[in-house]
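Novice: Here's a structure for you.
The values are calculated or read from the model by the stated rules, or taken from the named source; none is laboratory data. Bear in mind that the values here come from a model prediction, so they are computed numbers and not experimental data. Quick reminder, even Gly has a Cβ in these numbers, built from the backbone with ideal geometry, and neighbours come from all protein chains shown. Areas reflect the complete protein model, heavy atoms only, side chains present, ligands, DNA and RNA absent. Shrake-Rupley method; radii C 1.70, N 1.55, O 1.52, S 1.80 Å.
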Amino acid sequence: MTLFNELYRNAYNFFSSQNYTEAQTELNRAEAAFEDTDDESISKEDIEVLRGSIALSQNDIENARNAFENALKHNPKSAEACMGLGQIFYLDGMRSEAKSMFEWAVKNEPENEAAGSNLSKINELLGYP
């Protein structure tokens with residue numbers, strides 16, 4: 001396992017255990033060690049999605065939004081980034097924009113149950129069938 005993979009997995013584990021400060025520290029270290037030749041299953045998109053998720057968990061909306069937008073720059077079809085932006089729009093009271101992001105997430109990954117669930121919830125909230 002490369003140093004990057006180890007650091008990224010540590011960051012993810014800290015995030016999963018809700019230790020967001022350590023998660024961000026490890027993610028920064030992982031990003032510094034990132035090389036495109038590392039494990040192809042973890043990409044720059046994944047780094048930005050995790051960064052956005054950490055920031056969102058800390059109610060750091062601006063940094064979360066920046067990270068999810070950066071993830072979309074790396075992969076315009078990222079369902080995770082779309083869902084993250086959808087959550088941010090929802091928190092900001094921008095429900096129509098949130099619905100659009102959840103629709104994109106479902107379009108990009110129809111099998112993603114979380115995306116489908118988020119879309120169903122926002123549709124119900126907005127009064128759509």
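Novice: Helix 79-91 sits at what angle to the longest principal axis of the chain, using alpha carbons and giving 0 to 90 degrees rounded to 10?
Specialist: 60
Novice: Let me ask you something else. Rounded to the nearest 10 degrees, what's the angle between the helix 44-57 long axis and the longest principal axis of the chain, both from Cα atoms, 0 to 90?
Specialist: 70
Novice: Moving to a separate point now. For a quick check, take a GNM of the chain with Cα springs below 10 Å and name the residue from Gly116, Gly93, Gly52 with the largest mean-square fluctuation.
Specialist: In this elastic network of the chain, the residue with the biggest mean-square fluctuation among Gly116, Gly93, Gly52 is Gly93.
Novice: Run down the lysines and flag those whose C-alpha is under 18 Å from the C-alpha of Lys99, throwing out any fewer than 8 positions away in its chain.
Specialist: Of all the lysines, those that pass the test against Lys99 - Cα under 18 Å, at least 8 places apart if same chain - are Lys77, Lys107, Lys121.
Novice: The stretch 7-77: which GluC sites (Glu not before Pro) are DSSP loop and have at most 11 other beta-carbon atoms within 10 angstrom?
Specialist: On the way: sites: Glu22, Glu26, Glu31, Glu35, Glu40, Glu45, Glu48, Glu62, Glu69; in loops: Glu35, Glu40.
Counting only loop positions with at most 11 other Cβ atoms within 10 Å, the GluC sites (Glu not before Pro) in the stretch 7-77 are Glu35, Glu40.
Novice: Using a basic spin-label model with each label point 7 Å from the Cα along Cα→Cβ, how many nm lie between Glu111 and Glu62?
Specialist: If labels sit at Glu111 and Glu62, their model points lie 4.0 nm apart.
Novice: Report the one residue of Trp104, Tyr8, Val49 whose Cα lies farthest in the direction of the positive end of the charge dipole of the stretch 4-122 (charges on C-beta: Lys and Arg +1, Asp and Glu -1; origin at the Cα centre).
Specialist: It is Trp104.
Novice: Subtracting the Cα-Cα distance from 0.36 nm times the residue separation, let me have the gained length for Thr25 to Asn5 in nm, one decimal.
Specialist: 5.7 nm
Novice: A further question follows. Kindly report the accessible area of the chain per residue (heavy atoms of protein chains, probe 1.4 Å, no ligands, DNA or RNA), in Å².
Specialist: Per residue, the chain has 57 Å² of solvent-accessible surface.
Novice: Shifting gears a bit: For the stretch 77-129, which GluC sites (Glu not before Pro) are both in a DSSP coil and crowded by at most 14 other Cβ atoms within 10 Å? Write down the numbers at each step before the final one.
Specialist: Numbers: sites: Glu80, Glu97, Glu103, Glu111, Glu113, Glu124; in loops: Glu111.
Passing sites in the stretch 77-129 are Glu111.
Novice: Could you work out the helix-only [θ] at 222 nm for the chain, with each DSSP H run of four or more residues adding -39,500 (n - 2.57) and the total divided by the number of residues, to the nearest 500 deg cm²/dmol?
Specialist: Values: 7 runs with 97 residues, N = 129.
After summing the helix terms and dividing by the residues of the chain, the value is -24000 deg cm²/dmol.
Novice: Now, a different point. Which percent of the Cα-Cα distances in the chain go past 23 Å?
Specialist: Here the tail beyond 23 Å accounts for 33 percent of pairs.
Novice: Something else now. Classify the stretch 70-129 as rounded, prolate or oblate from the Cα gyration tensor: take a ≥ b ≥ c as the square roots of its eigenvalues, call it rounded if a/c is under 1.5, otherwise prolate when a/b beats b/c and oblate if not.
Specialist: oblate
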